[in-house]
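Only one structure is covered here, and it is reproduced in the block below.
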Amino acid sequence: MEELLKLLPAFGEAMLVTLGVSLAGAAIGLVVGFALNALRLAVSAFNLLYQLYIWLIRGTPFLAQLMVIYFGLPVIGLRLSAIEASILSLGLYSAAYFAELFRSAWGSVPTGQVESARVHGLSRGQTFWHIQAPQALAFALPLLGNQVILTIKESAVTSIITVPELTMAAGRIVSTTFSYVLPYALLVLSYWLLTMAVAMTAEYLGRRATRYLRG
Amino acid sequence: MTDFSSRLALYWPALLDGALTTLWLCAASMVLGFLIGVAIHLLCNGRSHLGRAFARVYVSFFRGTPVLAQLMLLFYLPSALNIDVSPLVAAGAALALNSAAYQSQILRSGFAGIAKGQLEAASVFSIGKWKTLLHIQIPQVLRLTSPALISELIDVIKVSAVVSVISITDLMRVSQQLVAQTYRPLEVYLVSAVFYLALTSLLVLLGKYLEHRWKEHA
Amino acid sequence: MSNLPLLQMRGVGKSYGSNRVLQGFDLSVQAGEIVSLIGPSGSGKTTALRCMNFLESYDEGEIWIDGQLLGYSGPGRSAKDRDSESQIDEVRKPLAMVFQQFNLWPHMTVRENVTAPLVLGKGMNKAEACALADAALARVGLAAKADAYPARLSGGQQQRAGIARALAVNPRLMLLDEPTSALDPELVEEVLLVIKGLAEDGMTMVMVTHEMSFAAQISTQVVFMEAGQIVETGVAPSMFEAPKTERLQRFLQPWFNRSLTPRTEVAG
């Protein structure tokens, strides 16, 4: 018990780094993913570029992307700190997944509704924002929450480039105390609690957002 | 200074070696994960309260925590208990246990896709429960879920890059070693990403082919 | 100027690849007219209707709305000759549409559904739009449901809300695509009654319908289509009583048989 209490401050601090890095990454991913989907809808010529991006990001491991950005980019003069590289990588990585979620969410709004908006004088932009977005986002909320969870889990990989987040902190404690069980047990427990909290929040928000469907 | 193509000739054999390690490690984990996944699925639908609770916690745990953390736990925990576990076994176990959680979810929809009447027919002809599972349900489930299972294998391959941290010479580890030798991180990591891309893209094509084929037969 | 048709279609055609779904379609609709498009399913009547507001592009002929050419400025009819979306929006402004599947926006209340085209499409202020919406909803007998979400309404009520939405934009021509086909039989009449009311108030309408008695009762012009072409046009009710072509006779046969039993007509 005493041993556990000694570990908690270090874990608490590392938890904040995990949250900060993954939420910052997810925020970038959300914005970029949303923009990718919007561009795809607005400019049909953009579609090919969109598919290329999705293919590249979803076809390779996050760790490989992180390596290219952290170790590779300095070669062409772009040197990022471990945390910056992690946030950027998580952002570009999750953007592809967020974009695909937005794409399916927009696809979930029946075309008839878009037609009825267009023939009653709503512009394409107005149809996007007032007809499609509210329903698509309500539809997507639980999925978006799930993607945030995936981003949190993926952030563990940033320990490999020495970002002082949870996994790194646990490893550091292990290497100094030579006790394995407690730090690693605490590690998985911390992630578990974190992801369950996010899942419950997303589910709650999702239920609220689709209340209109139940009249 | 050698040109890119001759350097590529240098990387090529090592990366191919690493890619093969990645591929067979993932394939083995996938198969093991399938068997565990079936077990988890059966527990989930079983009569035992304890079994159902265990299955729920199992799925929630393995889906709710990072593979890297699971790997650390599986690699270091046994040694704390004085059990010797090789990195390869730890890696395979982590990937299999993790994938089993996802596969049990895929299997759930697969099993649900088989008409109830078939099971009634099996019991009418007094085919036992296990034989029904093995000869009637699983072959159909495999067929129904093959596209989803292929995409799960793709996820396993992508996730498997983290096993490089316990010094398994998979594609990622080999790339790191090449970088240490050549000091050309951008080039090496990009080429290794192309290897991953080739692996996953081939599987995507395979998945599409299977989906197409099953649709024609259905 | 008064006899310039509201809608004029000349030789309109459309193909999907090698499949010609509409050809040589001519139609002229004067203000105050009620045109029914009838015909077996797959005969192209819905395609014809959807061409009238460019929900479907047409690739032959011309469509004039209130003297303006719809969809194309020049003689070309391929995808690259199409006008910009804002130009198309401008030309189809006098039109409104009622859909088979209602196509209400489920995340908005009934009143919001009706005000959205006014506020977003026409830039009207909210108070003014609400007043118009409430008037339109009262006209379709739905004032009490203004604050409900569509999911709470019956199919008939949803379709009346759809009609109110079309009505509120004050269209010069209303297009109705099988407005009662998605409804349970017992809900059909309340919607037909509303449409009949509009007809009596002088609304110009083009309607695709399978309700033959209703079409016979309210139409000024009836167009019978088969395989993408107009087979026979005429005035109701004489076209129903004495079809000239054999194909129309055959099409109307089941309806005649049913009409031997006491004729079901919409009261009003």
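Nothing in this text is a laboratory measurement; each read-out follows from the coordinates by a stated rule. On a predicted model such as this, the values are computed, not experimentally measured, just so you know. Here the Cβ positions follow ideal geometry from the backbone for every residue, glycine too, while neighbour counts run over all protein chains shown.
Summary value for chain B: 29 percent relative contact order, contacts being C-alpha pairs under 8 angstrom separated by 6+ residues. Charge dipole of chain C (Cα centre as origin; +1 on each Lys and Arg Cβ, -1 on each Asp and Glu Cβ, all else neutral): 200 debye, rounded to the nearest 20. Taking the centroid of alpha carbons for each part, region A:140-215 and region B:135-180 are 22 Å apart.
All other residues with a Cβ under 13 Å from the Cβ of B:VAL179 taken together, and with Lys, Arg as +1 and Asp, Glu as -1, what is their net charge? Present the calculation step by step, with values, prior to reporting the outcome.
Working: positive: B:ARG7, B:ARG173, B:ARG184; negative: B:GLU187.
Every neighbour counted, the sum reads +2.
So what's the protein assembly as shown giving for Cα Rg divided by 2.2 N^0.38 Å, two decimals? It would help to have the intermediate numbers written out before the result.
Details: Rg = 32.3 Å, N = 701, 2.2 N^0.38 = 26.5 Å.
Normalised Cα radius of gyration, the protein assembly as shown: 1.22.
Using R0 = 41 Å, the C-beta based FRET efficiency linking C:ALA151 and B:LEU197 works out to 0.40.
Build a GNM of chain B with springs between Cα atoms under 10 Å: which of B:GLN177, B:GLN118, B:GLN103 gets the top mean-square fluctuation? Most flexible of the set in this elastic network: B:GLN118.
Taking the charge dipole of the protein assembly as shown about its Cα centre, with +1 at Lys and Arg Cβ atoms and -1 at Asp and Glu Cβ atoms, the residue from B:SER123, A:LEU122, C:ASN103 reaching farthest to the positive side is B:SER123.
Annotation: extensible slack from A:SER108 through A:LEU189 equals 25.6 nm (criterion: 0.36 nm per residue apart, minus Cα-Cα distance). Note on region B:68-218: percent of Cα-Cα distances in each 10 Å bin, starting at 0 and stopping at the bin with the largest distance, equals 10, 26, 27, 22, 11, 3, 1.
When DSSP beta bridges are restricted to pairs lying wholly in the protein assembly as shown, around 55% turn out antiparallel. Subtracting the Cα-Cα distance of C:ASP201 and C:ASN125 from 0.36 nm times their residue separation leaves 24.7 nm of extension gain. Each Cα pair under 8 Å and six or more residues apart adds its sequence gap; the mean of these over the residue count of region C:98-170 is a relative contact order of 47 percent. If you wrap the tightest convex hull around every Cα atom of region B:1-119 and split its volume per residue, you get 172 Å³. Karplus-derived 3J(HN,Hα) values for region B:40-55, using 6.51 cos²θ - 1.76 cosθ + 1.60 with θ = phi - 60°, are 4, 4, 5, 4, 4, 9, x, 7, 6, 4, 4, x, 5, 4, 4, 4 Hz; glycine and proline are entered as x.
When +1 charges are put on Lys and Arg Cβ atoms and -1 charges on Asp and Glu Cβ atoms, the dipole computed for region B:4-217 relative to its Cα centre reaches about 600 debye. Using a cut-off of 12 Å between beta-carbons, work out the net charge of the residues near B:GLY64 (Lys and Arg +1, Asp and Glu -1, B:GLY64 not included). Neighbourhood net charge equals +3.
Across region A:2-214, Cα pairs under 8 Å and at least six residues apart give a relative contact order of 29 percent. One decimal place: the segment C:SER18-C:SER73 gains 17.3 nm when fully extended, by the rule 0.36 nm per residue minus the C-alpha distance.
Please report the net charge: other residues with Cβ closer than 15 Å to the Cβ of A:PRO134, K and R +1, D and E -1. Walk me through the numbers before you get to the answer.
Working: positive: A:ARG208, A:ARG211; negative: C:GLU112.
Charge balance in the 15 Å sphere: +1.
Eigenvalues of the alpha-carbon gyration tensor of region C:1-156, scaled by 5 and square-rooted, set the equivalent ellipsoid semi-axes at 32, 19, 16 angstrom, largest first. Ranking C:GLY123, C:LEU142, C:PRO254 by how far each Cα lies toward the positive end of the dipole of chain C (charges on Cβ) leaves C:GLY123 at the top. Distance between the modelled labels on C:ALA242 and C:GLU85, one decimal in nanometres: 5.1 nm (7 Å Cα→Cβ projection). Computed about its Cα centre, the charge dipole of region C:98-170 is approximately 100 debye, with only Lys, Arg, Asp and Glu carrying charge at their Cβ. Note on C:GLU62 and A:ALA45: their simple-model spin labels are 3.1 nm apart, each label 7 Å out from Cα toward Cβ.
Run the quick spin-label model on B:LYS131 and A:LEU52: label points 7 Å from Cα toward the beta carbon, then report their separation in nm to one decimal. Here the modelled spin labels are 5.9 nm apart. Within the listed set A:GLY171, A:GLY29, A:GLY112, the Gaussian network model of chain A (springs between alpha-carbon atoms below 10 Å) gives the highest mean-square fluctuation for A:GLY112.
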